[in-house]
Ligand code: G16
């Protein structure tokens, strides 16, 4: 059978590390993610699957991103991107898991061939994989392992080197749609910048972006990429004053260290090393620039955060108003997708004030993205700042081709078309989401304080709990309840009953070796107390 000897020989160079105590590698919330020392063999095997996937999908390009995003610098990760820039189809995650856990090179080759047969894949047709990595030094070694798998399977491959995760998603879609009526943009990093810059001008329609925006790039790949993007904004048309901070990619150990979106969201404070004017607009990206959180700090109010829920409701409200102004309220279905981490106040605001339906899915943008695709306009954000807005091809067609009945309708339709280009349609994208927020604030002439006035968050707290075996914790009801271990959910329910307007849940993280506990309640001290109580319950059951 084709490639057997090559795969076996290459696999010897990138051996899999067998995990202790018979544990298995798992394709988690965002692919395989762990200490980089364990990932060389994993990445090699992911390369084999990417090659199979490309051949299964008639030689379309498949993406592979090497990143551990918000995790510490010693970790890394690898995930597969499908042809339209979406995350790998979930059915295929088990094939990835099976290949990665094959105990020997012989069994790996055998499984590779069995998958090809079972999935009716013609191993003789061409295959193409494109890939990129974040700034982690371990990325070099993992890229070599990946290329080894692609060479062994005669797969054409393109190494885009350093990229943000959303840039890789963009490039995958652009590659596969090139030359078709649905072309997503030029197939290059420059194409990505040009597309966003041009859409920014069109979406702003001459409105002014006020003040300075400080952007904390988590010392990750977002730093150099944001600097690069800013060069493409036409200065004669848009004045956008950006101060980039935490953009040190030369010292790997500072990646995500006391900065970045995950730090800001979980600690509920600004990165200690960034000094801004009181009340000035700031935002933080995460390590691979697919998440964003806004905030300000001033002596009067202290720290105030505008997270993914806020971006979601801001975007849904603005886009809803545009659809109304375009006279399309009865034609376009807008929906919002959240996870259990969404603040209860945001869900109420969206359902009761904006009158839009909200669906709750398990954590992981792959779940939210899928549900959002069911609407004409699907707005999805996780509270941690990861999300985007999807416009269906029909909706975009409609906005482009509907004959406006008035100048106001034309304005609204033009802005909707521009937003369709400005917003990364493949995955959450910190740069693109930042531009979306800036455009909306400019249109509304809003400061962050005006934005914050739309509703009051319920005080909440997120706690990370290290346990002996996180796999004991299985959830149900979109992760809002624990199905096992038995008795744990009853104890959580009893704890929640003690507090006013309270809610809490626990789940195993799919990217870290830990459980996460979320709690919200009427007051900050109650939310903190409840989170601590539930964390103790999880600690006890996780032993
Ligand atoms: C990834 C996923 C997100 C998820 C986050 C945390 O983000 O893409 O959808 O919210 O992990 O997941 P978990 O709670 O399972 O650890 P990132 O930015 O780290 O790639």
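No value in this document is a laboratory result; all are computed from the given coordinates. In this text the structure is predicted, and so the values were computed from the model without any measurement. Positions of Cβ are generated from backbone atoms using ideal geometry, with glycine treated the same way; all protein chains shown enter the neighbour counts.
So the values come out like this:
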item: Whole-Å semi-axes of segment 123-205's equivalent ellipsoid (Cα gyration tensor); result: 28, 18, 6
item: Cα pair distances exceeding 19 angstrom across segment 460-541, given as percent; result: 27
item: Mean shadow area of segment 4-162, taken as a quarter of the surface of its Cα convex hull (nm²); result: 8.4
item: Burial ranking of peptide ranges 442-453, 496-507 (average Cβ count within 10 Å, highest at the top); result: 496-507, 442-453
item: Relative packing of 284-290, 137-143, which averages over residues the other C-beta atoms within 10 Å, highest first; result: 284-290, 137-143
item: Segment 336-390 and segment 21-50: distance between their alpha carbon centers, rounded to Å; result: 29
item: Overall form of the chain per C-alpha gyration tensor (a/c, 1.5; a/b vs b/c); result: oblate
item: Part-to-part distance (alpha-carbon centres) for segment 117-136 and segment 207-242, which is given in Å; result: 35
item: Euclidean distance of C-alpha centroids, segment 447-506 and segment 140-170, integer Å; result: 38
item: Extension gain (nm, one decimal) between residue 493 and residue 156, 0.36 nm per residue minus Cα-Cα; result: 116.0 nm
item: FRET E, pair residue 9, residue 524, Förster distance 41 Å, beta-carbon r, rounded to 0.05; result: 0.10
item: Potential extension, residue 483-residue 269 segment - 0.36 nm per residue separation minus Cα distance; result: 73.7 nm
item: Rounded if a/c under 1.5, otherwise prolate or oblate - segment 191-303, Cα gyration tensor axes; result: oblate
item: Theoretical gain in end-to-end length, residue 107 to residue 201 [0.36 nm per residue, Cα-Cα removed]; result: 28.4 nm
item: Beta bridge orientation in the chain: antiparallel %, DSSP, nearest 5; result: 60
